[in-house]
Amino acid sequence: MDQTAAPPEIVPDLPDPFDGKYPIRVRGLRNVFGDHVIHDGLDLDVRRGEILGVVGGSGTGKSVLMRTIIGLQIPEAGEVEVLGDTITDARDDADIDIRSRWGVLFQGGALFSTLTVAENVEVPLREFYPEISDDLRHEIARYKVLLSGLPAEATSKFPSELSGGMKKRAGLARALALDPELLFLDEPTAGLDPIGAAAFDQLILKLQQTLDLTVFLITHDLDTLYEICDRVAVIADKKVIAVGTIPELLALDHPWIQEYFNGPRGRAAQDAQARHDAVRATLSDDGRSSPDPDGA
Amino acid sequence: MQFQRYGSCVALVALDDLPHEAGKMRELTDFQLVQSEGGSTSTLAFSGPMTVSSLGLADARLRAISDSFSEIDLTGVTRMDTVGAWTVWRLSRDHDARIIGCSDEAQKLVDAISKADSNDHSVRAMRLPLFQRVPEHVGDVMLGLGRGMLQVVGFLGQIILSSASLLRHPSRFRGKALVHQMELVGVNSLAIIGLMSFLVGIVIAQQGAVQLRQFGAEIYTVNLVGRLTLRELGVLMTAIMVAGRSGSAFAAQLGTMKLTEEVDAMRTIGVAPMEALVIPRIAATMIMMPLLGFYSAFLGIIGGAFLSSLTLGIPFFTFLTRIQEVVPLHDVWVGLTKAPVFGLIVALAGCYQGMQVKNNAEEVGARTTAAVVMAIFTVIVLDAFFAVFFTNIGWG
Ligand SMILES: Nc1ncnc2c1ncn2[C@@H]1O[C@H](COP(=O)(O)OP(=O)(O)O)[C@@H](O)[C@H]1O
Ligand SMILES: [Mg+2]
């Protein structure tokens, strides 16, 4: 058990001035509800331009960690730095600028129920850039909705008229409204059918590559981890116990990590990934281009 | 070469008139239309960042360009996001212009955006033109009123059915929920109803005495306070207060539960929402209303006695003894008969409106308002009816 105490990759003693390499840095975070300690001495770095998957058992505080990073939850101790600003002591007016540089997709979508999908996307635009004309704002809302994989008819629909998967996509469109550098996703594929989940994964990957996003992705979905995450952070024992690529994590001897990745579901996802890679390899051997991830 | 400048000369503009930005400087998009010598081709050349934060002010001027151009030059663009890419794509689409000097990243964005170009599907929900909308709305309201009445009667019928089935299976009755609601409806409102009634009692005694003094009949203040509070005001004011406090709470609670699908979840588990949610609330209100009404009348009388002892020279206990003599017992029965009926109406309105909520959060607000308005309106109408009724049966 001792060898797991040292995470494979936590950058030691980062230089203090923010160098832009780590859009998110968390140091010594402690979160407590009543006498229930959720995080204690949690450290995490997210690199620019990566998709970081965050995993951990239910109730280990993944959502709470995300809420702390975006400033919704005031930690008892510790420091959170996002895009060079310290969140933990940010005053309301000071952190407005930073709020225009991230997008958040909440677990339940959290769409404004009295507004249509497109109007939901327009809310942050209206709030931060009131000088944008109505025409341009409508156009922006429309292409963001399409970019998130919703059909054009969905723009004028209300959240109550959407299915679960469509709500997630609409939430993603709103999270992307301001062209953020940072995207926070809380279990985006939970509750989607496997095909919908795979399409959502590819959508996130494509957007991340096109828009050069840094993505903080909480997920339980092993396929998502294998398919699109550059690195995975594991939360257990109130800390981030390890950060690394999946092969790096598999090399560790922590019982929870082994159970997670080598359990029946973990195996299935590994096999699927292996098959996927094999198909890709043969296709490119034939001189054909690799299959379009979107399918259609 | 001749230059035509559309963009501002200085790309840095003070943003004092924009919220969040007072005193800050932001780099803005700049552009110019460059015409070649012969005037055959012209180029729209952008410079500076093309991002959501920099394009807002340039957009109007871009849309105002009426001259045609055949090239869009992005060589001078420092940064680009999807809003910039959209602007470039839209201009190239509308003016049939070629994009030149585009970096790889920008090209990737423009390609992605061009695939997400829709044919102007509306951003808003479907809306009819005004002259159709107004009559439609009027019709909707009228039909809604009619249908609403029917539905309320239907709802009442369901309640009666559920109550009957509860009578047959008393073990299904939710005693805990009932007691909890009785506490919320009754016990927790004692302070506010008590204060209100006490003060109204003072006002009646004071104003009554001023008028009656003109006939030297000040002693009749006792009759006035006693009969008015016990027969009418005690129960009526309590009903209005309970409608505001508890009827609205019922509508908001049940409405939110409907929105979060808690009510549906209950149904699927086999718990009837009628039995678990509606009946305890209605029963609690019907039980508490007579108690609260009597309590209210009692405190009204205390208020009247208090004022009389201070300013009219009628001692406190004399006032109370006189009340016994001048108030006929049937006044108490009148008040106590009306109270459960009013309680039923208040709780019914709250629960009915709450269960009608669907779609969105705004609906919860609208239904809560409707619950209170419906309850108070019905209570006052019924009170008038009761006044005539009881007088006619000889309880005048
Ligand atoms: N507002 C809150 N008040 C009290 N406890 C909370 C609150 N939010 C979360 N918790 C607790 O914190 C723990 C972590 O929650 P959460 O971050 O939502 O878990 P998950 O990792 O599944 O997202 C849970 O045990 C939960 O009970
Ligand atoms: Mg969670």
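Nothing in this text is a laboratory measurement; each read-out follows from the coordinates by a stated rule. On a predicted model such as this, the values are computed, not experimentally measured, just so you know. Methodologically, a virtual Cβ is constructed for each residue, glycine included, from the backbone with ideal geometry; neighbour enumeration extends over all protein chains shown.
So the values come out like this:
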{"read-out": "Distance from region A:143-200 to region A:123-141 (C-alpha centre basis), Å", "value": "19 Å"}
{"read-out": "Loop-resident sites, region A:61-155, for trypsin sites (Lys or Arg not before Pro), counting at most 11 other Cβ within 10 Å (DSSP)", "value": "A:R91"}
{"read-out": "GNM top mover of B:S171, B:S36, B:S163 - chain B, alpha-carbon springs below 10 Å", "value": "B:S36"}
{"read-out": "DSSP-defined beta bridges in the protein assembly as shown - what % are antiparallel, rounded to 5", "value": "55 percent"}
{"read-out": "Value of [θ]222 nm, deg cm²/dmol, for the protein assembly as shown, DSSP H segments ≥ 4, -39500 (n - 2.57) each, nearest 500", "value": "-16500 deg cm²/dmol"}
{"read-out": "Long-range Cα-Cα pairs in chain B (distance over 39 Å), rounded percent", "value": "52 percent"}
{"read-out": "All Cα pairs of region B:260-382, percent lying beyond 24 Å", "value": "49 percent"}
{"read-out": "Dipole magnitude (debye, nearest 20) for region B:47-129, charges at Cβ of Lys, Arg, Asp, Glu", "value": "360 debye"}
{"read-out": "Selection from A:V104, A:Q209, A:V117 lying farthest towards where the dipole of region A:102-232 points positive, charges on Cβ", "value": "A:V117"}
{"read-out": "Cα centroid separation - region B:324-350 against region B:127-143, whole Å", "value": "41 Å"}
{"read-out": "For the protein assembly as shown, Kirkwood radius (reciprocal of mean inverse C-alpha pair distance, Å)", "value": "31.0 Å"}
{"read-out": "Chain B: antiparallel DSSP beta bridges as a percent of all, rounded to 5", "value": "60 percent"}
{"read-out": "Positive-end residue, the protein assembly as shown charge dipole about Cα centroid, Cβ charges, pick of A:L249, B:A366, B:I65", "value": "B:A366"}
{"read-out": "Cβ-placed point charges (K, R +1; D, E -1), dipole of the protein assembly as shown about Cα centre in debye, nearest 20", "value": "3620 debye"}
{"read-out": "Part-to-part distance (alpha-carbon centres) for region B:56-75 and region A:238-281, which is given in Å", "value": "51 Å"}
{"read-out": "Computed over region A:127-265, Cα set: Rg, Dmax in Å", "value": "17.6, 57"}
{"read-out": "Straight-distance crosslink candidates among lysines, where the alpha carbon sits under 24 Å from A:K168 and sequence neighbours closer than 8 are dropped", "value": "A:K62, A:K144, A:K157, A:K206, B:K115, B:K258, B:K358"}
{"read-out": "Per principal axis, descending, Cα span of region B:175-234 in whole Å", "value": "55, 17, 12"}
{"read-out": "Alpha-carbon Rg with Dmax, taken over region B:199-249, Å", "value": "14.0, 48"}
{"read-out": "Furthest towards positive pole of dipole, B:G343, B:W89, A:S58, structure part the protein assembly as shown, Cβ charges", "value": "B:G343"}
{"read-out": "Cα pair distances exceeding 22 angstrom across region B:213-287, given as percent", "value": "49 percent"}
{"read-out": "Shape of region B:158-276, Cα gyration tensor, a/c cut at 1.5", "value": "prolate"}
